[in-house]
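What follows is a single structure, written as structure tokens, with notes after it.
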Amino acid sequence: MMSVCEIFKSIQGESTRAGAVCAFVRLAGCNLDCSYCDTRYARAEGRPYSIDEIVSEVRRLSCPLVEVTGGEPLFQAETPSLCGRLLDEKYTVLVETNGSLDIAALPEGCIRIVDVKCPGSGEGESFFSGNLKALDKNDECKFVLTNREDFDWAIGFVRRHRLHDICTVLFSPAWGRVEPAALAAWIVECNAPVRLGLQMQKIIWGHGARGV
């Protein structure tokens with residue numbers, strides 16, 4: 001059994017698929033406690049579902065794009081099996097993970113959206129370095145920035161590991177802590193090899209809205 005916080009259909013708010021209709025499976029539980037976490041309720045609010053029950057709920061939503069998120073999805077040992085079932089059902093499967101756990105556990109065909117936690121998150125030492133070797137061109141890496149120091153740190157990480165040559169890299173402003181215009185200016189200023197990512201769901205429905 002898996003612990004599930006919520007299953008719903010909405011607009012994909014982040015990643016390169018922002019704006020697309022997407023079914024979300026939000027799993028409960030997380031191994032980190034980021035300073036800007038906007039799904040803190042998912043750390044504890046879960047109820048048991050079998051993989052069959054999750055897949056049945058996803059089918060009911062009639063959406064070819066599915067994101068498995070959290071909490072931290074890889075915190076649950078059954079997540080690779082769930083993703084395998086969804087792939088077998090011919091869904092496009094996104095997995096959004098905080099980057100602290102081994103993404104190689106996920107089956108081939110999943111699109112991994114991997115956070116690299118900056119110092120301002122309070123979890124800046126959490127990234128599992130083995131994930132750098134597991135990433136491929138279909139994956140995405142995301143940095144959420146709380147200030148200019150985070151930006152400089154993130155640019156250093158990207159360039160040191162040539163992350164932009166491996167996968168798509170997105171820089172996003174932490175809601176209420178960095179203005180999007182400021183982050184855009186920093187990106188332009190140093191010709192950063194990244195894409196600006198905004199949390200579309202918050203722009204549409206506001207900070208703190210659930211099930212969107």
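So, in the stretch 180-197, how many residues would count as being more than 12 Å from residue 155 (Cβ to Cβ) and more than 23 Å from the chain's Cα centre (by Cα)?
Within the stretch 180-197, residues that are more than 12 Å from residue 155 (Cβ to Cβ) and more than 23 Å from the chain's Cα centre (by Cα) number 2.
Being surrounded by 19 or more Cβ atoms within 10 Å (Cβ to Cβ) and either of a type outside the set (A, V, I, L, M, F, W, C) or touching a Leu at 6+ places or on another chain (Cβ under 8 Å) (or both) is the requirement here; does residue 172 meet it?
yes
Could you list all residues from the stretch 17-75 that are crowded, with 18+ Cβ neighbours inside 10 Å, of a type in the set (Lys, Arg) and part of a strand (DSSP E or B)?
Passing the criteria: only 26.
Answer yes if at least one residue in the stretch 172-186 is in a strand (DSSP E or B), among the β-branched types (Val, Ile, Thr), in contact with a strand residue (DSSP E or B) (Cβ under 6 Å, 6 or more places away or on another chain) and in contact (Cβ under 8 Å) with a residue 24 or more places away in the chain, and no otherwise.
no
Readers should treat all values here as calculations from the given coordinates under stated rules, not as data from a laboratory. Note that the structure is predicted; figures quoted are calculated from it, not measured. Positions of Cβ are backbone-derived with ideal geometry, glycine not excepted, and every protein chain shown enters the neighbour counts.
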